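Asks: Here it is: the structure, laid out below.
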Amino acid sequence: MTVARSAGYVPRTQSRWAGLVPNLIFYPIELLGGMTQLGGRVLASAVMRPVGYWRAVRDEMYFVLKTSWFPIVAAVFTFGIMVGIVGLNFTRPLGAGNRYGQYFFIVNIREFTPWINSMVVAGVIGAAICSDLGARKIREELDALQVLGTDPVRELVLPRIVSITLLTPMLMVVSVIIGMVCALISSVSYGGVPANEYLTLVYSNLTVVELVGAWLKSIMIGLVIGVVCAYKGLHCSGGAIGVGRAVNQAVVLSFVLVFLIDGVFNMIMLGLFPQLQILR
């Protein structure tokens with residue numbers, strides 16, 4: 001016990017109240033607190049010292065684009081065609097096939113695109129971040145950096161979180177465009193809807209509030225995915241098996257938080273801007 005204290009490590013059981021809380025309740029609180037602290041530390045470092053890490057951010061953004069552009073394009077294209085055909089099967093019997101454009105646009109920009117983007121970003125980029133940091137933790141590279149006087153969060157975590165936060169809304173814009181093109185193809189070829197009618201309804205529902213809301217939500221999703229995956233990578237243990245377990249937990253937790261963010265953000269947007277509930 002004396003060695004543990006001299007090394008700066010304080011076991012959780014030394015806290016009086018923590019030992020009385022069941023692990024089922026304590027662990028989520030501990031996890032949320034740790035991720036919040038990491039996110040705050042990254043944001044404070046990025047704002048207070050906004051120099052010295054942008055070259056690493058550029059390299060990470062290039063890696064993100066290289067590894068995620070094809071999965072996102074393939075997922076959005078296939079899902080867009082499929083959802084377009086399924087949606088037309090509901091609107092055509094009602095004689096409202098020409099109104100399909102406005103419905104698909106709202107679903108696409110509020111639910112479909114953020115969901116597809118987050119799944120690909122978390123499954124591809126988040127998993128890579130978690131595995132890389134976890135492998136460095138297992139090999140004790142992070143401890144070596146601290147001994148050399150280098151902050152691992154500043155050097156390794158900050159560029160990854162900044163890059164994924166910046167690129168997620170950019171990928172969202174591309175996904176929205178691809179989704180609308182897929183809906184146009186399915187509407188014209190399968191639904192027999194003239195292209196001008198489809199585009200007219202899309203542009204009539206394309207508002208600044210809708211676009212800004214989707215953009216802000218994508219920024220939040222990218223930030224949360226980056227923080228969650230980085231945190232799980234920094235705190236993994238147990239060798240290669242522990243790294244794999246940490247990656248699995250990070251991706252699953254990212255999915256859950258993305259769904260929560262999406263639902264809460266949409267409710268806030270509809271409450272602040274009731275006009276978004278009106279179809280034009």
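Asks: Give the range 237-260 a look and list any residue that's open to solvent by less than 80 Å² (accessible area, probe 1.4 Å) and of a type in the set (A, V, I, L, M, F, W, C), or say none.
Replies: If the condition is that a residue be open to solvent by less than 80 Å² (accessible area, probe 1.4 Å) and of a type in the set (A, V, I, L, M, F, W, C), then Val243, Ala246, Val247, Ala250, Val251, Val252, Leu253, Phe255, Val256, Leu257, Val258 are the ones that fit.
Asks: Would you say Thr91 is in contact with a helix residue (DSSP H, G or I) (Cβ under 9 Å, 6 or more places away or on another chain) and crowded, with 16+ Cβ neighbours inside 10 Å?
Replies: yes
Asks: Restricting attention to the range 172-193, does a residue exist that is within 12 Å of the chain's Cα centre (by Cα), open to solvent by less than 60 Å² (accessible area, probe 1.4 Å) and under 27 Å from Thr91 (Cα atoms)?
Replies: In the first step, residues of the range 172-193 are kept if they are within 12 Å of the chain's Cα centre (by Cα); the result is 172.
Filter once more, keeping what is open to solvent by less than 60 Å² (accessible area, probe 1.4 Å): 172.
Add one more test, that the residue is under 27 Å from Thr91 (Cα atoms), and what stays is 172.
Among the residues of the range 172-193, at least one is within 12 Å of the chain's Cα centre (by Cα), open to solvent by less than 60 Å² (accessible area, probe 1.4 Å) and under 27 Å from Thr91 (Cα atoms), which makes the answer yes.
Asks: Take the conditions closer than 26 Å to Trp69 by Cα and surrounded by 19 or more Cβ atoms within 10 Å (Cβ to Cβ) and apply them to Val121. Does it pass? Reasoning before the result, please.
Replies: Values: closer than 26 Å to Trp69 by Cα: yes; surrounded by 19 or more Cβ atoms within 10 Å (Cβ to Cβ): yes.
It is true that Val121 is closer than 26 Å to Trp69 by Cα and surrounded by 19 or more Cβ atoms within 10 Å (Cβ to Cβ).
Asks: Being open to solvent by less than 20 Å² (accessible area, probe 1.4 Å) and over 18 Å from Gly239 (Cβ atoms) is the filter here, so list the residues in the range 128-153 that pass it. I'd like the intermediate steps shown before the answer.
Replies: Looking only at the range 128-153, we keep the residues that are open to solvent by less than 20 Å² (accessible area, probe 1.4 Å), and these are 129-130, 133-134, 142, 152-153.
Those that are open to solvent by less than 20 Å² (accessible area, probe 1.4 Å) and over 18 Å from Gly239 (Cβ atoms): Ile129, Pro152, Val153.
Asks: Looking only at the range 38-77, count how many residues are among the β-branched types (Val, Ile, Thr) and open to solvent by 90 Å² or more (accessible area, probe 1.4 Å).
Replies: 2
For (1) of a type in the set (Lys, Arg); (2) in contact with a Ser or Thr (Cβ under 6 Å, 6 or more places away or on another chain), each residue gets a yes or a no:
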site	(1), (2)
Met48	no, no
Trp69	no, no
Arg92	yes, no
Tyr100	no, yes
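Asks: Would the range 24-35 turn up any residue that is aromatic (Phe, Trp, Tyr) and under 23 Å from the mean Cα position of the chain (by Cα)? Explain how you work it out, then say what you get.
Replies: Just the residues of the range 24-35 that are aromatic (Phe, Trp, Tyr), to begin with: 26-27.
Checking which are under 23 Å from the mean Cα position of the chain (by Cα) leaves us with 27.
Yes, because at least one residue in the range 24-35 is aromatic (Phe, Trp, Tyr) and under 23 Å from the mean Cα position of the chain (by Cα).
Asks: It is to be established whether one or more residues within the range 238-246 are in contact with a Lys or Arg (Cβ under 6 Å, 6 or more places away or on another chain) and closer than 26 Å to Lys137 by Cα.
Replies: Here is the first cut: in the range 238-246, the ones in contact with a Lys or Arg (Cβ under 6 Å, 6 or more places away or on another chain) are 246.
Filter once more, so that each one left must be closer than 26 Å to Lys137 by Cα: 246.
The answer is yes; a qualifying residue exists.
Asks: List every residue pair whose Cβ atoms lie under 6 Å apart, where the two residues are 6 or more positions apart in sequence or sit on different chains, the first residue falls within the range 192-209 and is more than 9 Å from Gln102 (Cα to Cα), and the second residue, located anywhere, is open to solvent by 60 Å² or more (accessible area, probe 1.4 Å).
Replies: So the pair list comes out as Val193/Asn98; Ala195/Val188; Glu197/Asn98; Val209/Phe273.
Asks: Which number in (1) under 12 Å from the mean Cα position of the chain (by Cα); (2) crowded, with 20+ Cβ neighbours inside 10 Å marks the one condition that Ile219 misses?
Replies: Failing condition for Ile219: (2).
Asks: Can we say Gly263 is modelled with pLDDT of 85 or more, open to solvent by 20 Å² or more (accessible area, probe 1.4 Å) and over 25 Å from the mean Cα position of the chain (by Cα)?
Replies: Values: modelled with pLDDT of 85 or more: yes; open to solvent by 20 Å² or more (accessible area, probe 1.4 Å): yes; over 25 Å from the mean Cα position of the chain (by Cα): no.
No, not satisfied.
Asks: Another question, if that's okay. For the range 82-188, please list each of the helices (runs of 4 or more DSSP H) lying entirely inside it that holds at least 2 residues being touching a residue at least 40 places away in the same chain (Cβ under 8 Å), of a type in the set (Ser, Thr, Tyr) and under 30 Å from Phe63 (Cα atoms).
Replies: Details: elements: 100-107, 113-120, 127-138, 141-147.
Correct list: 113-120.
Asks: Are there any pairs with C-beta distances below 6 angstrom linking a residue in the range 260-274 that is over 15 Å from Leu211 (Cα atoms) to a residue that is open to solvent by 70 Å² or more (accessible area, probe 1.4 Å) and assigned to a helix (DSSP H, G or I), with the two at least 6 apart or on different chains, and if so which?
Replies: Close Cβ pairs (under 6 Å, with a partner that is open to solvent by 70 Å² or more (accessible area, probe 1.4 Å) and assigned to a helix (DSSP H, G or I)) amount to Ile261/Met220.
The values are calculated or read from the model by the stated rules, or taken from the named source; none is laboratory data. None of these values were measured; they are calculated from a predicted model. All Cβ positions, glycine included, derive from the backbone under ideal geometry; neighbour counts span all protein chains shown. Please note that ligands, DNA and RNA were not included when accessible areas were found on the heavy atoms of the full protein model with its side chains. Shrake-Rupley method; radii C 1.70, N 1.55, O 1.52, S 1.80 Å.
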